[in-house]
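Please read the structure below before turning to the comments.
All of the numbers you see were taken from the coordinates with simple rules; none came from a lab. Note that this is a predicted model, so its numbers are computed, not measured. No Cβ is skipped: glycine too gets one built from the backbone with ideal geometry, and neighbour counts run over all protein chains shown.
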Amino acid sequence: FVLGLGLAIQVRSNSDNSALRGARQEDLVRILDELDNRTERLEDEKQRLDDQRTELENSSDQAEEARKQTLEKERQLGILAGTVAAHGPGITLTISDPTGAVEADMLLDTIQELRAAGAEAIEINGVRVVANTYFSGDGGELRVDGRRIEAPYEFKVIGKPQDLEPALNIPGGVVQTLEKEQATAEVTRADDIVVDALRPAKQPEHARSSSR
């Protein structure tokens, strides 16, 4: 009503010959009704556009969140598969073997102890350790996944240092076993260990993605 009245006053002030000057009361009421209807339609249109904007914003937020989660999952799987570098708190384990007494099974036991203690990424002498890593060879000529490594054997391990170090020093554990073979094991905690030895990503030969 106020909008219509203001319009009528404005039109009247702009032109003394306006048709509204001589309009009947029922005509003025009809004009005001039309203005009210138009205002209502515009409000409805505004609400519809607001709803569309909100829907688009929510859809965009969900898509962005899904993208972030996908990238994070890809990063985690890449760390486990050894295809991406990683860094974080952890330890450095250095095994000295002056007599060549350290055997492949001892290094494997070390890896298993570290994994059981929560190690998330491991590298030994520049070779990334993954789920199917294997050790071979005799003392002094050891190999990791077919690649020869020489003493001292340096393990870079990412995980909780307060869990990893005690796991290696338990009675009858890795450190004591190595000492019995005249080898020494030195553990150093660090706030940031970098594991950047990478494994090539393998493409599956038979498996295919499924939408089910």
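Placing unit charges on the Cβ atoms of the charged side chains and taking the dipole of the chain about its Cα centre, the candidate lying farthest along the positive direction among G140, G82, A167 is G82. Highest-first packing order for the peptide set 95-106, 119-130, 41-52, 79-90 is 119-130, 79-90, 95-106, 41-52, based on the mean count of other beta carbon atoms within 10 Å. Relative contact order of the chain, taken over Cα pairs closer than 8 Å and 6 or more residues apart, is 26 percent.
Sequence-distant contacts, meaning Cα pairs under 8 Å at least 6 residues apart, place the relative contact order of region 86-195 at 48 percent. Computed over the chain, the convex hull of the alpha-carbon atoms projects to a mean area of 23.6 nm².
Between region 26-59 and region 105-160, the alpha-carbon centres lie 70 Å apart. Dipole orientation for the chain: of the candidates T54, A201, A190, T54 has the Cα lying most toward the positive pole (charges on Cβ; Lys, Arg +1; Asp, Glu -1).
Across every direction, the projection of the convex hull enclosing the Cα atoms of region 86-195 has a mean area of 5.8 nm².
How far is helix 2-14 tilted off the main Cα axis of the chain, in degrees rounded to 10, range 0 to 90? For helix 2-14, the angle is close to 60 degrees. Straight-line cross-link reach from K160 at under 22 Å between alpha-carbon atoms covers these lysines, not counting any fewer than eight positions away in the same chain: K73. Peptides 65-75, 146-156 ranked from most to least packed give 146-156, 65-75, packing being the mean of other C-beta atoms within 10 angstrom over each peptide's residues.
Taken about its Cα centre, region 111-164 carries a charge dipole of roughly 160 debye when the Cβ of each Lys and Arg holds +1 and the Cβ of each Asp and Glu holds -1. Expressed as an acute angle from 0 to 90° and rounded to the nearest 10, what is the orientation of the C-alpha long axis of helix 104-116 relative to the principal long axis of the chain? Compared with the principal axis, the helix lies near 30 degrees. Peptides 170-176, 138-144 ranked from most to least packed give 138-144, 170-176, packing being the mean of other C-beta atoms within 10 angstrom over each peptide's residues. PRE reach from D109 (point 7 Å along Cα→Cβ): which of region 143-183 fall under 16 Å by backbone N? Label zone hits: 167-183.
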